[in-house]
Amino acid sequence: EDQVTQSPEALRLQEGESSSLNCSYTVSGLRGLFWYRQDPGKGPEFLFTLYSAGEEKEKERLKATLTKKESFLHITAPKPEDSATYLCAVQANYGGSQGNLIFGKGTKLSVKP
Amino acid sequence: EAQVTQNPRYLITVTGKKLTVTCSQNMNHEYMSWYRQDPGLGLRQIYYSMNVEVTDKGDVPEGYKVSRKEKRNFPLILESPSPNQTSLYFCASSRTGYNQPQHFGDGTRLSIL
């Protein structure tokens, strides 16, 4: 069964304290791995898509990496405005039709000033 | 501005009273989808649509109906709502094909008493 597991469930950091969020997945034929950010009262906001093992993408203080079994979202010198829930989702190869997204339960990040 | 618009944003209603949550996107996307988000369970797909007049069940379709008569609209219908459908609902859209990021609305919080 296709599965996405995110850890930790919650993470508290001091401003400037770098850390990483983990997304491990079990899927038959990965087509893409997506990272989203979700603020309270809002819908998920797209951050990155990763396609193949070894790929990396960056945006401001965020850097996403991908291996064959997991992805990491590295946050460098976070600021309070980085506080949000970060969601990971995978899209599998179901052959012939667009694979739907399977989401993890998210990591709630709090950054204290 | 590119967006996915859901209405209403909040609704409190009673068991058995039919309701419709509307979803509209202005990006000319072929693919649209409905999710529900519950604490501890994450985002789960209810129904999706690959294009006009093409819909299919997601992981948790029981108690819901959808229709796709126009490309931009994808309403979610609860014919006889029950308390276990109390949840936060999101509509999303994307271009078809793998690796296309989904764009989400800001959600509809439904409470069924």
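The values are calculated or read from the model by the stated rules, or taken from the named source; none is laboratory data. A quick note: this is a predicted structure, and the numbers were derived from the prediction, not measured. Here Cβ is always computed from backbone atoms with ideal geometry, including for glycine, and neighbour counts include all displayed protein chains. For accessibility, only protein heavy atoms count, side chains too; no ligands or nucleic acids. Shrake-Rupley method; radii C 1.70, N 1.55, O 1.52, S 1.80 Å.
Per residue, how much accessible surface does chain A expose to a 1.4 Å probe? Answer in Å², no decimals.
Spelled out: the 1.4 Å probe surface of chain A, per residue, equals 50 Å².
Heavy atoms only, probe 1.4 Å: what % of the accessible area of the protein assembly as shown goes to carbon and sulfur, would you let me know?
Result for the protein assembly as shown: 47 percent of the exposed heavy-atom area is carbon or sulfur.
Buried accessible area between B and A (1.4 Å probe, both chains summed, ligands and nucleic acids excluded), in Å² to the nearest 100?
Chains B and A together bury roughly 1900 Å² of accessible area.
Report for chain A the percent antiparallel among DSSP-assigned beta bridges with both residues inside it, nearest 5.
In chain A, DSSP labels about 90 percent of beta bridges as antiparallel.
May I ask you to list the trypsin sites (Lys or Arg not before Pro) in the range B:10-57 that are in a DSSP loop and have at most 14 other Cβ atoms within 10 Å of their Cβ?
B:17, B:18
Can you run phi through the Karplus equation (6.51, -1.76, 1.60; θ = phi - 60°) for the range B:86-97 and list ³J(HN,Hα) in whole Hz, with x for Gly and Pro?
Here the 3J(HN,Hα) series is 5, 5, 9, 10, 10, 9, 9, 9, 7, 6, 6, x Hz.
If you take each beta carbon of peptide A:35-47 and count the beta carbons of other chains within 10 angstrom, what is the mean?
Averaged over the peptide's residues, the number is 4.
May I ask you to list the chymotrypsin sites (Phe, Trp or Tyr not before Pro) in the range A:18-94 that are in a DSSP loop and have at most 15 other Cβ atoms within 10 Å of their Cβ?
Here the chymotrypsin sites (Phe, Trp or Tyr not before Pro) that fit, given the DSSP loop and packing criteria, are A:51, A:94.
Find, among the GluC sites (Glu not before Pro) in the range A:5-45, those assigned to loop by DSSP (not H, G, I, E, B) with at most 14 other beta-carbon atoms within 10 angstrom.
A:9, A:15, A:17
Per residue of B:103-111, how many C-beta atoms from partner chains lie within 10 Å of its own C-beta, taken as a mean?
If you average over the peptide's residues, the count of other-chain Cβ atoms is 3.
If we restrict to alpha carbons, what Rg and Dmax does chain B come to, in Å?
In order Rg, Dmax, the Cα atoms of chain B give 13.2, 40 Å.
A 32 angstrom limit on the alpha carbon distance is what I want to check against. Which of A:57/A:108; A:63/B:69; A:79/B:57; A:42/A:69; A:69/A:108; A:112/B:57 exceed it?
The answer is A:63/B:69; A:79/B:57; A:112/B:57.
Scan around residue A:100 for amide H atoms under 5 Å from its own, H built in the peptide plane at 1.01 Å from N, and keep only partners 5 or more places away or cross-chain.
A:92
Kirkwood hydrodynamic radius of the protein assembly as shown from all distinct Cα pairs, in Å?
After inverting the mean inverse Cα-Cα distance, the result is 18.1 Å.
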